[in-house]
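A short write-up of the structure that comes next.
Read-outs: derived from the displayed coordinates by stated rules, not from any lab. Quick caveat: nothing in here was measured; it's all calculated off a predicted structure. Positions of Cβ are backbone-derived with ideal geometry, glycine not excepted, and every protein chain shown enters the neighbour counts.
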Amino acid sequence: MAELFVIQKPMQSPLNTDETVERYNLDEDMKSSLIDFDSFIWQDCRIESVEELVAFEKEYQRYDKAFGFCYDNEIGEFSCVEMEDGPLSLLQKGRFQQFSKKIKEDPVGKDFMAAGLTELEALLIMAFRADLSGLFRLDAYYYGVPPVAKSLCEILNGALEKLPPASGPLIRKCKEYDRVDFQVGEIFEPNFCLTTSADPTWGDDKSVCLYRITPLDAAHTKARAMYLVNNNTEYQVTFLQDARFRVTSIKGRDNGKQEIVMEEIE
């Protein structure tokens, strides 16, 4: 493990070590481990292979194990130590290890590699489509984005670029953390890979706010039709990180929900 991750010149971490030690009643040994874990998270790291990603995830889990059940003085009960690394904490799940073991036999992995993706890119697509999509939401890293998360988002974006462009209207059923406070005429730049669906029936769900997006033509759009390579029944279409949109109208829906109508722009 050490040969893969020599922790040198870590980026500035947002974690206040002394405050964290006090908050969770950590002893000197735990404080030392906390400092090591924090340096590991914020090290200057770029993932270049499946083996490196799996090794990083395993090392993250090894560090994290010691901080999974500490008494939190702020809330008065036991909890996980907040490392202020945002969705990177999803590495606790060990999903990259699980997916990597079967990627060459899995129909999803095989389809995406047949479309020209590398094994690492296919692995990230599989995780992104499963339960690690939050890991790639750069807007959810409230305290700063760890270098390894930036690296993974760049790889995902590069993988999506290889997929066929999408055409036709697209719909996103908003999550609770998605922006809905738009003004008509506003330019929206998510700065993360925004996922939508080409399935028009998604607009029938009255319980959520919607983005209804018209992409640019196939030669210029940043929308990539994942479902044309492998469809998980959601007709998933994902925009590249630098996609931009203009809000053209906002319509009311039932129960105070809104439909935000957008057009992709260059």
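Brief remarks on what is shown
- Per the Cα gyration tensor, the stretch 17-161 maps to an equivalent ellipsoid with semi-axes of 32, 14, 13 Å, ordered largest to smallest.
- Put in order of Cβ neighbour count within 10 Å, fewest first, the listed residues Asp178, Asp242 become Asp242, Asp178.
- Computed over the stretch 170-265, Cα set: Rg, Dmax in Å: 12.8, 39
- Of all lysines in the structure, those lying under 16 Å Cα to Cα from Lys31, and not within fewer than 8 positions of it along the same chain, are Lys65.
- Rounded to the nearest 0.05, the FRET efficiency derived from the C-beta distance between Phe69 and Thr201 at R0 = 41 Å is 0.40.
- Among Lys93, Lys251, Lys162: highest mean-square fluctuation, GNM of the chain, C-alpha pairs under 10 Å: Lys251
- On a per residue basis, the convex hull of the C-alpha atoms belonging to the chain measures out at 148 Å³.
- For the chain, the cysteines with no partner cysteine C-beta closer than 4.7 Å are Cys45, Cys70, Cys80, Cys153, Cys193.
- For the pair Thr214 and Arg246 in one chain, pulling the backbone fully straight at 0.36 nm per residue adds 10.5 nm over the alpha carbon distance.
- Computed helical MRE - 222 nm, the chain, DSSP H runs ≥ 4 contributing -39500 (n - 2.57), nearest 500: -9000 deg cm²/dmol
- Electrostatic tally near Tyr177: other residues with Cβ closer than 14 Å to its Cβ, Lys and Arg +1, Asp and Glu -1, net +1.
- Extension gain (nm, one decimal) between Lys110 and Gln92, 0.36 nm per residue minus Cα-Cα: 3.9 nm
- If R0 is taken as 25 Å, the Cβ-Cβ distance between Glu48 and Asp139 corresponds to a FRET efficiency of 0.50.
- Residue pairs, from the table Lys58/Lys102; Lys104/Lys175; Lys101/Lys162; Lys173/Lys251, whose Cα atoms sit over 22 Å apart: Lys104/Lys175; Lys101/Lys162
- Interatomic Cα distance distribution for the stretch 112-214, bins of 10 angstrom, percent: 12, 39, 37, 11, 0
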